[in-house]
Amino acid sequence: MARPEKIRLGDLLISQGLLTDEQLKFALDEQKRSGRKLGRIFVDSGFVTEEAISKALAGQLRIPFIDLKQFNPRAELIKLLPEAQARRFRALVLDEVDGRLRVGFTDPTDLAAYDEIARVVRRDIEQAVVTESQLLATIDRVYHRTEEISNLTKELTAELGDVPVEFGDLLGLAPGAEDAPVVKLLQTVFEEALRTRASDIHIEPQEKSLRIRFRIDGVLHVQTEADAKIATAMALRLKLMSGLDISEKRLPQDGRFNVKVRNSSVDVRISTMPTQYGESVVMRLLNQGSGLLGLERIGMPVRILERMRHAIRRPSGMVLVTGPTGSGKTTTLYAALTELNSPEKKIITVEDPVEYRLPGINQVQVHEKIDLSFERVLRSALRQDPDIVLVGEMRDQTTAEIGMRASITGHMVLSTLHTNDVISTPIRLLDMGVPRYMVALSLQMVVAQRLVRVICESCSEAHTPTPAEHEWLKYELADKVDAYSYRRGRGCSQCNGTGFTGRTGVYEVLEMSNDLVEAINHEDTGVFVQAARKQMAGQALRRDAVRLVVNGRTTIDEAMRISNEFEE
C-alpha cells in the first residue's frame, strides 16, 4: 500500500460541514499557544467528536474506520508492535488482510509513524482509522505486563544474589530509590492489577518459588512465578509503605496505604501472615477514583430495587444485607447510603475497616487494640443525634441488641450479617441471643445476595446446555427450558481470555409482614420458616440467577456455581 498523503484536517472538516471558519481560527491560535495537536483541540473544545474526525479521515483516504469497542485484535499480531511504539505512534496491529497487516492509526496522515511501524513489523501494512481514546483503552487492556513483571523479578533476584544486603538498599531508601528493582516491580504489579480489574493481589512464598496471583471477578489467576529469594524484599517494602513493624515476622499484621497508579488513587488494605516459607501478603485494592455506584447500577431487579428504596427511606427500623464474604454486601450498603446522603440527614457509620471515604458522612474506624469496639462506638454514635446509622457487621449479641434498640427508638439502621439466605437471618439473630420481641419490632427487611460473573459482550456466543445443565434449568423453567437461548463467553483480549467481564448481583428479599412478625414470636422456629417460604415462593436467589441466564447476562455454569453455594 502507498504511503499516506498529507491532509489539512481543518479544511477537511469545514468542507464536510463539521467545523466553522471561526472554530478553525480559534483552534489554530490555540495550537500556536499550546503546541497541542489540532484534532485534540477540536475535541477538547467541543467543536467535533473523535469519532466524527476519524470517520472524516477514513472517508477522505478511502480506508476503513474501525470501532475498537466491537473489535477483537488478534493477540499474536498485537505483539509484533511493542507497547512503547504503539503508545508513541498511537497505532495498533489489528489483524491480517490478504497477507498484509492491518494497523489502526489515530492519525493516518502521520508519515513518520507509518514508516517506523512498517520497519518494526517488517511487513507490508494496510491502514485503518481508530479513535485515540479507544486506542489507548485497548492498549491498556491488551498489552499484558506479565513478561515485564517476570523480567523485573529476575532483575531483583540478580541484585539480591546470595550476599546479604543493607536494609536501606533493600527497602529502597538509598539514592535513586525510585529506580530500585523492588520499587519498579511493585509499581508494575499494581499497574497490571488495575488494568485487569483485580480486586486483590496475593503474594505467596512457596518452598522454591514466589507466586503472585490476582483475584479478578472473584476468581484467582496466577500472574507470575518468581524466585523465592525476592519474597522477603517485597514483604519488607510493602510493610514499610503501610507503616507496619518490619522487624516483626512472627505475627500477622494489618495496615493500609495509598498509591498513585496511572493518575488513579488506589487505597490498599494489606494483611501479612507468617507461613511455613515466609510471610504471605494479601492486598485489597480500593480504587477511590472509580466512584460509588447507586442502587440502580449494582444489578438489582426493579421489583427488589423499589422495595429496597422504600425500606431504607423509612424513618426507623433495621435493614440487613446478608451473604458470605465477598458477596458485595458492603457495596450494596454504600449504594444505599449514597442515595440517602443529603444535608438534612445525619449519617454515622461504624466500620472495620472503612473501605471507601464518603463525603458528608461521619465514618468511624473500629480499633479493638485501644478498646474502640463496635459496641463502644455504636453507643457513642447514638449520642451524636444521627438519623441513619450503618454498622459494618452484626458480630455479636451486644452489637445486635444496641442496633435493634436504636432502630426501635427512631433511627434507620443498616448492617450486614453472615447467613446463607434471608429466611435463616431472623433465626440467626435469635441464636445470637437477641430477644424475639426485639427482632419482631425492629427488623424491616432482609436482602440476601451473591455475585455472578457477567458474560463478555465482545466474545459472547450461543451455548447448548449440557445434560446436567438442562436438568438444573428444568427445576426453575420446567418445560420452557428449550424455549430460551443461552450464551457463554468464548474468551478474547477484552476479557483476558476468561469469557467474563465484571460481576453483577443476584438477590432475594424478605420483608417482615404482619404474618412473619407473628410467626417469629412463636416458640417453634419452624412456624416462621414455613411462613417465610410461602411468602418467598418463586423469589429465591436461584430464580434470580436463572433470570440472568435467560437474559444472556451470565452462563448456566456460573448460575449453578453460586446456587450450590447457598443451597449448601
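The values are calculated or read from the model by the stated rules, or taken from the named source; none is laboratory data. Remember, it's a predicted structure, so these values are computed and weren't measured experimentally. No Cβ is skipped: glycine too gets one built from the backbone with ideal geometry, and neighbour counts run over all protein chains shown. Keep in mind that these areas ignore ligands, DNA and RNA; they rest on the heavy atoms of the full protein, side chains included. Shrake-Rupley method; radii C 1.70, N 1.55, O 1.52, S 1.80 Å.
Residue 479 versus (1) of a type outside the set (Val, Ile, Thr); (2) free of Cβ contacts under 8 Å to residues at least 40 places away in the same chain; (3) farther than 21 Å from residue 551 by Cβ: which is the lone unmet condition?
Every listed condition holds for residue 479 apart from (3).
Taking the range 68-86 on its own, how many of its residues are over 27 Å from the mean Cα position of the chain (by Cα), part of a helix (DSSP H, G or I) and either at positive phi or surrounded by 14 or more Cβ atoms within 10 Å (Cβ to Cβ) (or both)?
Looking only at that region, the number is 2.
For every residue, the table says whether it meets (1) crowded, with 19+ Cβ neighbours inside 10 Å; (2) closer than 22 Å to residue 187 by Cα; (3) modelled with pLDDT under 90.
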position	(1), (2), (3)
259	no, yes, yes
275	no, no, no
293	no, no, yes
306	no, no, no
311	yes, no, no
316	no, no, no
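Say we look at the range 1-14 and pick out the residues that are under 29 Å from residue 97 (Cβ atoms) and either of a type outside the set (A, V, I, L, M, F, W, C) or at pLDDT 85 or above (or both); which of these is least open to solvent (accessible area, probe 1.4 Å)?
4
Starting from residues that are of a type in the set (Ser, Thr, Tyr) and farther than 15 Å from residue 413 by Cα, keep the ones in the range 339-364 and report whichever is modelled with the highest pLDDT. Before you say what the answer is, go through the steps one by one.
Here is the first cut: in the range 339-364, the residues of a type in the set (Ser, Thr, Tyr) are 342, 349, 356.
Filter once more, keeping what is farther than 15 Å from residue 413 by Cα: 342, 356.
Details: 342: 89, 356: 77.
Only one residue tops the list, namely 342.
Looking only at the range 443-466, count how many residues are outside any strand (DSSP E or B), among the hydrophobic types (A, V, I, L, M, F, W, C) and in contact (Cβ under 8 Å) with a residue 60 or more places away in the chain. Working first, answer last.
At the first step, the residues of the range 443-466 found to be outside any strand (DSSP E or B) are 456-459, 464-466.
Filter again for among the hydrophobic types (A, V, I, L, M, F, W, C), leaving 456, 459.
Right, trim to in contact (Cβ under 8 Å) with a residue 60 or more places away in the chain and you get 459.
Total meeting the criteria: 1.
Kindly check whether there is at least one residue in the range 395-405 that is among the basic types (Lys, Arg) and open to solvent by 20 Å² or more (accessible area, probe 1.4 Å). Before you say what the answer is, go through the steps one by one.
Of the residues in the range 395-405, the ones among the basic types (Lys, Arg) are 395, 405.
Right, trim to open to solvent by 20 Å² or more (accessible area, probe 1.4 Å) and you get 395, 405.
Within the range 395-405, one or more residues are among the basic types (Lys, Arg) and open to solvent by 20 Å² or more (accessible area, probe 1.4 Å).
Of everything in the range 429-459 that's surrounded by fewer than 20 Cβ atoms within 10 Å (Cβ to Cβ) and under 33 Å from the mean Cα position of the chain (by Cα), which residue is nearest to residue 540 (Cα to Cα)?
Per the criteria, the residue is 444.
Test each condition in (1) open to solvent by 50 Å² or more (accessible area, probe 1.4 Å); (2) under 30 Å from residue 95 (Cβ atoms); (3) in a loop (DSSP other than H, G, I, E, B) for residue 487 and report the one that comes out false.
Every condition holds for residue 487 apart from (3).
Which numbered condition trips up residue 508, out of (1) acidic (Asp, Glu); (2) part of a strand (DSSP E or B); (3) open to solvent by 60 Å² or more (accessible area, probe 1.4 Å)?
Every condition holds for residue 508 apart from (3).
Of the residues that make up the range 11-34, is at least one of a type in the set (A, V, I, L, M), in a helix (DSSP H, G or I) and under 20 Å from residue 105 (Cβ atoms)? Don't jump to the end; show me each part of the working.
Start the filter on the range 11-34 by keeping residues that are of a type in the set (A, V, I, L, M), which leaves 12-14, 18-19, 24, 27-28.
From what is left, the residues that are in a helix (DSSP H, G or I) are 12-14, 24, 27-28.
Subsequent filtering for residues that are under 20 Å from residue 105 (Cβ atoms) retains 12-13.
Yes, the range 11-34 contains a residue that is of a type in the set (A, V, I, L, M), in a helix (DSSP H, G or I) and under 20 Å from residue 105 (Cβ atoms).
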